[in-house]
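What follows is a short report on a single structure.
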Amino acid sequence: MKRLRQASVIAVLSLLGSAPTASAECAWVLWERSGQYAAGTSETLKLSTEPVSAYTTRANCQEVVVTQLAKLRDSAGPGVRMDKPEWELVSRSVTVLDDMQEAYVTMKTRDGKSVTTLYGYTCLPDTVDPRGLKGK
């Protein structure tokens, strides 16, 4: 009887040892924060945060953040959508804060108005929603 019990324990342990281990890695989601502020108005910057895409690793997600910031840095002239299409765009400047993963795009119009748009990027596990808890 003792031998049977030992054989059973050995069989169970060998099965457990050969079972595939569960991966601790989760999906990663790229989130974009964006908002516009028009200088000289009483409007406050209203940020919206939305998921952009998902990746299997954090490194893949971070690569896309670097690419997005580089696109903004390298862009010149008009090309960013404006809330007020009647404004004629004169110039655009881009400030990228790599360490903050943010970019500020300031557009100046012929009539002297200035609009700044913030773009911020964050990679988070798919179990985290930076918008907070949703109430019922």
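Worth a mention:
- Subset of 108/134; 46/71; 46/113 violating a 26 Å alpha-carbon distance limit: 108/134
- What the Cβ-Cβ distance of residue 43 and residue 134 gives, at R0 = 25 Å and to the nearest 0.05, is a FRET efficiency of 0.45.
- Label-to-label distance, residue 32 versus residue 122, with points set 7 angstrom from Cα along the beta-carbon direction: 1.7 nm.
Values quoted throughout were computed directly from the atomic coordinates according to the rules given, and no laboratory measurement underlies them. This one's a predicted model, so the numbers in the text were calculated from it and none came from an experiment. All Cβ positions, glycine included, derive from the backbone under ideal geometry; neighbour counts span all protein chains shown.
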